[in-house]
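One structure is given below, encoded as structure tokens.
Nothing in this text is a laboratory measurement; each read-out follows from the coordinates by a stated rule. Everything numeric here is computed off the predicted structure, so don't read it as measured data. Every residue, glycine as well, gets a Cβ built from its backbone with ideal geometry; the counts of neighbours run over all protein chains shown.
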Amino acid sequence: MIRGRYVDSHAHLYEYSEEDLSKYCNNEDLTIVSVSEDLTSSLKNLKIGESCSNVYVAVGIHPWRVNAVSREDLSKVLDMSTWVSLIGEVGLDRRFTPETYELQLKVFKEFIDIALKYDKALLLHAAGAWREVYNLIYRSGVSTAVFHWYTGPQDLLKEIVSSGYYIGVNVALLRQNKMREVVKAAPLESMLTESDGPYEYRGLALHPHMIKDLIAEVAIIKGVHQEDVVDAVKRNFEEFLKRVKAFR
Ligand SMILES: [Zn+2]
């Protein structure tokens, strides 16, 4: 059982100052997945995971970082991902970094291979490459994945849901119409909540403590009680962890 009421399935805790991190580390209300972008952040996250019992760590190479990471560093992160249950943030990005797409594809495929071989979950970044990422993981047989901050097409959303993958609903919903449309269409059973903190979206600083407001908004959109959303997300997250035996 996870503790607390709220789940943040995607944050970058290593980017926070010691002082800000102390608000989230061992927070009784929040269970957080801290995703990585390269070797340094993966190592920092593992340290954070050691001292914060409410934090699950994911290691990986972010598609934005593929050309800044040496082959040696990549090997180290790939090696770490064989024994850490969660892999992320990994994937493809055609929207913000199309110029490195070929390299992104190579790196992403290596993480997919590890996820398959060692039965790991993928925390996916797929901006502008939603279909490509879905096809790759679905056709290769990846069983457990979450599409972080899903704002892709509605027809693909249906496929993601029926394949048993999860949708990351970001706190940016508070001002992003596309995110709102996804929440309208997706079943509660496929949703995980997330902040992507400390990322900034159109002047809105995103942080884990905003999950509470996100839940309230999702409840309004879906026409259900807040408790129903809290329970559904917790159930989904527990199932997500259970599938890859990520306990702590
Ligand atoms: Zn992120």
How big is the gap, in Å, between the Cα center of the range 207-224 and the Cα center of the range 92-170?
25
If the range 169-208 were replaced by its equivalent ellipsoid, with semi-axes equal to the square roots of 5 times the Cα gyration tensor eigenvalues, what would those be, largest first, whole Å?
19, 12, 5
Translational diffusion coefficient (Stokes-Einstein; Kirkwood radius from C-alpha pairs) of the chain at 10 °C, 1.306 mPa s, in µm²/s:
90
Counting other C-beta atoms within 10 Å, which of Asp20, Asp79 has the fewest, and how do the rest follow?
Asp79, Asp20
Values of log10 I(q)/I(0), in the order q = 0.19 Å⁻¹, for the range 1-54 under a Debye, Cα-only, solvent-free model
-0.59
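Cα-based Rg of the range 41-83 per 2.2 N^0.38 Å, rounded to two decimals?
Numbers: Rg = 11.2 Å, N = 43, 2.2 N^0.38 = 9.2 Å.
In units of the globular-protein estimate, the range 41-83 measures up at 1.22.
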Antiparallel bridge percentage (DSSP; both residues within the range 113-248; nearest 5):
20
In vacuo Debye sum over C-alpha of the range 143-248, base-10 log of normalised intensity I(q)/I(0) at q = 0.15 Å⁻¹, listed in q order, is -0.59
List the aspartates and glutamates whose Cα lies under 19 Å from the Cα of Lys106, skipping any in the same chain that are fewer than 8 positions away.
Glu37, Asp38, Glu72, Asp73, Asp79, Glu89, Asp93, Glu132
As straight-line cross-link partners of Lys47, the qualifying lysines (C-alpha separation under 19 Å, not fewer than 8 residues apart within one chain) are Lys23, Lys76
Ordered by residue, what ³J(HN,Hα) values in Hz, to whole numbers, does the range 135-152 give under the Karplus form 6.51 cos²θ - 1.76 cosθ + 1.60, where θ = phi - 60° and Gly and Pro are x?
4, 4, 6, 5, 5, 8, x, 5, 8, 10, 7, 10, 7, 4, 6, 5, 9, x
Table column - 3J(HN,Hα) (Hz), the range 230-239, Karplus curve with 6.51, -1.76, 1.60, x for Gly and Pro:
4, 5, 4, 5, 5, 4, 4, 5, 5, 5
For Asp8, other-chain or 5+-apart residues with amide H closer than 5 Å (H placed, Pro excluded) are Thr31, Ile32, Val33
